[in-house]
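Everything below concerns the one structure shown next.
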Amino acid sequence: MTATAESPAAAAPPFGIPLLEVDRLSVQFGRQQVLRDISISVSLGETLVILGESGCGKTVLLKNMIGLVRPTRGEVRFEGTSLASMRGRELARLRTRYGFVFQQAALFDSLTIFDNIAFPLREHTRISREEIREIVHSLLAEVGLPESVGLKKPAELSGGMRKRAGLARALALDPQLILYDEPTTGLDPIMSDVVNELILKVSERPGVSSVVVTHDMNTARKVADRIIMLYPLPRLAADESQIVFSGTPAELDQSRDSRVQQFVEGNAGTRLMELQDARTSVPGSGNEETNDT
Ligand SMILES: Nc1ncnc2c1ncn2[C@@H]1O[C@H](COP(=O)(O)OP(=O)(O)OP(=O)(O)O)[C@@H](O)[C@H]1O
Ligand SMILES: [Mg+2]
């Protein structure tokens, strides 16, 4: 269960049982450390929003949650079982309990929208053609797309339609945990809010937990039961936590931490100077003229 009109999220949330636990997770690619000692737990029915500026490791964290990237240290547990201990078939079965809404919708270009949404049903269930047709049509209706969109290919859709088709596909197997990576990026404010409303509506399904990675403060305020904010490791001291905020949306607005305030207000502070300093400190890039776009 999650927030309803009768039981707003800010009042005693009925959460407690962890569905997903990220335990002291660190991820390193070659010499670049991206995540350091991250611990997060997502309760049954909870919607957790992860904020953080570009490049701080949000997508890498989501991919660890689903076992697409392996941690360098630490572990991820689903209902108490470590993803690292699961064999291929177990992991595949587990993934049917997840819905993943990718940063770029990630639909199969050569398939129609109908076949994209039907894909997980054909792959993982033995239900009849008729039932698949019914489920796909009801999913299209749920995300506000007409049945005729089912006949089109992804390239024929607008960005907002593609995002909603991606959400319909993620919902096909009736997942227990839905992971969203930047669900509103690139959408106009109205379509962004349509997507926010959908995330909220889906989160109200009994027993559904959601993790929403976003830069969009409107999304965070609208859908979050709880928010955490990650900070880029290169800008932290060795003993500082990479999770610079954890709390409710109301607590985020009251935070006195300048890193949190800058993000919430969309204020660059000294970031441009830092980025320029980082560039000129790279050997060979001193005073050369560049043509970055
Ligand atoms: N497979 C990989 N191999 C090597 N480096 C990677 C890999 N995946 C991500 N990285 C690096 O990890 C860092 C974090 O990337 P990530 O995609 O998680 O950022 P993000 O917070 O999702 O950013 P954005 O908001 O722009 O999507 C980046 O420096 C990226 O280059
Ligand atoms: Mg990302």
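Quick check, is Gly207 touching a Phe, Trp or Tyr at 6+ places or on another chain (Cβ under 6 Å) and touching a residue at least 12 places away in the same chain (Cβ under 8 Å)? Let's see the steps before the verdict.
On the way: touching a Phe, Trp or Tyr at 6+ places or on another chain (Cβ under 6 Å): no; touching a residue at least 12 places away in the same chain (Cβ under 8 Å): yes.
It is false that Gly207 is touching a Phe, Trp or Tyr at 6+ places or on another chain (Cβ under 6 Å) and touching a residue at least 12 places away in the same chain (Cβ under 8 Å).
Looking at (1) more than 30 Å from Gln262 (Cα to Cα); (2) touching a strand residue (DSSP E or B) at 6+ places or on another chain (Cβ under 8 Å); (3) surrounded by fewer than 22 Cβ atoms within 10 Å (Cβ to Cβ), find the lone condition where Arg70 falls short.
Going through (1) more than 30 Å from Gln262 (Cα to Cα); (2) touching a strand residue (DSSP E or B) at 6+ places or on another chain (Cβ under 8 Å); (3) surrounded by fewer than 22 Cβ atoms within 10 Å (Cβ to Cβ) one by one, Arg70 breaks only (2).
This table checks each residue for (1) away from ligand 2 (no atom under 16 Å from the Cβ); (2) more than 15 Å from the chain's Cα centre (by Cα); (3) part of a strand (DSSP E or B).
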| residue | (1), (2), (3) |
| --- | --- |
| Asp174 | yes, yes, no |
| Leu179 | no, no, yes |
| Thr184 | no, no, no |
| Leu200 | yes, no, no |
| Ser210 | yes, no, yes |
| Ile227 | yes, no, yes |
| Ala237 | yes, yes, no |
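Which of the residues spanning segment 212-225 are of a type in the set (A, V, I, L, M) and part of a strand (DSSP E or B)?
Once the filter is applied, which keeps residues that are of a type in the set (A, V, I, L, M) and part of a strand (DSSP E or B), segment 212-225 yields Val212, Val213.
Determine whether Met217 is under 20 Å from the mean Cα position of the chain (by Cα), within 16 Å of ligand 1 (Cβ to nearest atom) and surrounded by fewer than 19 Cβ atoms within 10 Å (Cβ to Cβ).
Details: under 20 Å from the mean Cα position of the chain (by Cα): yes; within 16 Å of ligand 1 (Cβ to nearest atom): yes; surrounded by fewer than 19 Cβ atoms within 10 Å (Cβ to Cβ): yes.
The answer is yes for Met217.
From the set of residues in segment 167-191 that are within 16 Å of ligand 1 (Cβ to nearest atom) and not aromatic (Phe, Trp, Tyr), which is farthest from Thr59 (Cα to Cα)? It would help to see each step written out before you state the result.
So the first thing to find is which residues in segment 167-191 are within 16 Å of ligand 1 (Cβ to nearest atom), and the list is 179-187.
Cutting the leftovers down to not aromatic (Phe, Trp, Tyr) gives us 179, 181-187.
Values: Leu179: 10, Asp181: 7, Glu182: 9, Pro183: 12, Thr184: 15, Thr185: 14, Gly186: 17, Leu187: 19 Å.
If we take residues in segment 167-191 being within 16 Å of ligand 1 (Cβ to nearest atom) and not aromatic (Phe, Trp, Tyr), then Leu187 is farthest from Thr59 (Cα to Cα).
Quick grid of which residues meet (1) surrounded by fewer than 22 Cβ atoms within 10 Å (Cβ to Cβ); (2) farther than 23 Å from Arg95 by Cβ; (3) away from ligand 2 (no atom under 16 Å from the Cβ); (4) touching a residue at least 60 places away in the same chain (Cβ under 8 Å):
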{"residue": "Ile17", "(1), (2), (3), (4)": "yes, no, yes, no"}
{"residue": "Leu25", "(1), (2), (3), (4)": "no, no, yes, no"}
{"residue": "Gln32", "(1), (2), (3), (4)": "yes, yes, no, no"}
{"residue": "Ile40", "(1), (2), (3), (4)": "yes, no, yes, yes"}
{"residue": "Glu46", "(1), (2), (3), (4)": "no, no, yes, yes"}
{"residue": "Leu51", "(1), (2), (3), (4)": "no, yes, no, yes"}
{"residue": "Thr59", "(1), (2), (3), (4)": "yes, no, no, yes"}
{"residue": "Asn64", "(1), (2), (3), (4)": "no, no, no, no"}
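Read-outs: derived from the displayed coordinates by stated rules, not from any lab. Everything numeric here is computed off the predicted structure, so don't read it as measured data. We place every Cβ from the backbone using ideal geometry, glycine too, and count neighbours over all the protein chains shown.
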